[in-house]
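First up is the structure itself, then whatever we jot down about it.
The values are calculated or read from the model by the stated rules, or taken from the named source; none is laboratory data. Small disclaimer: the values here were computed from a predicted structure and weren't measured. Here Cβ is always computed from backbone atoms with ideal geometry, including for glycine, and neighbour counts include all displayed protein chains. Surface accessibility is based on the protein's heavy atoms, side chains included, excluding ligands, DNA and RNA. Shrake-Rupley method; radii C 1.70, N 1.55, O 1.52, S 1.80 Å.
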Amino acid sequence: MKLLLTSGGVINKSIHDALVDMLDKPIADCNALCIPTAMYGHPWVGPGVKAWEFISGKEVNPMVNLGWKSVGVLELTALPSIDKERWVPLVKETDVLLVSGGDALYLYHWMQQSGLAELLPSLRAVYVGMSAGSMVLGPKIGEFFIGWTPPSGVDQALGFVDFSIFPHVDHEMLPGNTMAAAERWAAELQGAAYAINDDTAIKVIDGEVEVISEGHWKQF
């Protein structure tokens with residue numbers, strides 16, 4: 001899988017160009033699945049109107065509304081209750097997974113419970129994460145971001161990349177998300193990490209990491 005890990009979605013030309021470069025055909029020829037699950041675990045964004053806005057492409061952070069050939073919904077909380085034969089082929093055939101923000105540990109929990117976590121490494125799709133959808137790919141998220149507590153009580157994520165992500169640095173609506181806060185967060189993690197603002201994304205292909213940015217970021 002090719003990974004495009006964003007803070008605020010495909011929000012500028014540099015991130016958009018990186019996405020187009022990762023696809024093997026134009027956006028207008030690609031089928032996408034959006035995954036809103038992380039939103040339900042976060043009190044600010046779900047359930048309700050914001051989940052609908054993400055799914056319908058009505059939100060301000062471009063993800064679903066980029067001009068895909070088709071967009072479907074993959075709700076992870078529903079998958080354990082239906083046969084895998086009904087959803088696994090759909091995921092294997094899709095070109096792009098659009099994974100929303102929200103609560104990263106809630107998303108990780110349902111990726112595990114649904115079986116998607118096991119399936120992800122075998123996919124040919126481009127994975128586009130936003131905020132929590134990006135954070136979940138790292139080994140852990142850090143105490144700063146823990147909201148919903150998993151049954152295990154452990155800060156653990158997928159570990160598909162060897163770094164953690166602090167999104168939304170210096171966002172006007174998140175006054176606590178300063179670069180100084182990110183530095184303290186990174187020091188507590190004691191591992192590789194990036195702090196990125198919404199104009200920044202991290203591209204990962206075959207283990208090679210490239211930062212795409214029209215904003216500011218820092219590697220720890």
Taking the stretch 104-119 and keeping residues over 19 Å from Gly72 (Cβ atoms) and either open to solvent by 10 Å² or more (accessible area, probe 1.4 Å) or free of Cβ contacts under 8 Å to residues at least 60 places away in the same chain (or both) leaves Tyr106, Tyr108, His109, Gln112, Gln113, Ala117, Glu118
Screening Val99, Val91, Val169 for residues that are over 30 Å from Glu214 (Cβ atoms), in contact (Cβ under 8 Å) with a residue 24 or more places away in the chain and of a type in the set (A, V, I, L, M, F, W, C) leaves only Val91
All positions within the stretch 1-46 that are among the small types (Gly, Ala, Ser) and in contact with an Asp or Glu (Cβ under 7 Å, 6 or more places away or on another chain): Ser7, Gly8, Ser14, Ala32, Ala38, Gly41
Inside the stretch 38-57, can you point out the residues that are open to solvent by 50 Å² or more (accessible area, probe 1.4 Å) and assigned to a loop (DSSP other than H, G, I, E, B)? Pro43, Trp44, Pro47
Go through the residues of the stretch 124-134 one by one and say whether even a single one is over 29 Å from Asp24 (Cα atoms) and surrounded by 19 or more Cβ atoms within 10 Å (Cβ to Cβ). no
Residues in the stretch 143-157 that are in a loop (DSSP other than H, G, I, E, B) and surrounded by fewer than 19 Cβ atoms within 10 Å (Cβ to Cβ): how many? 10
From the list Lys92, Lys140, Lys84, exactly one residue is of a type in the set (Lys, Arg) and surrounded by 14 or more Cβ atoms within 10 Å (Cβ to Cβ). Which is it? Lys140
Unmet criterion (only one of (1) at pLDDT below 95; (2) open to solvent by 50 Å² or more (accessible area, probe 1.4 Å)) for Val20: (1)
Can you find even one residue in the stretch 162-175 that is in a strand (DSSP E or B), open to solvent by less than 20 Å² (accessible area, probe 1.4 Å) and aromatic (Phe, Trp, Tyr)? yes
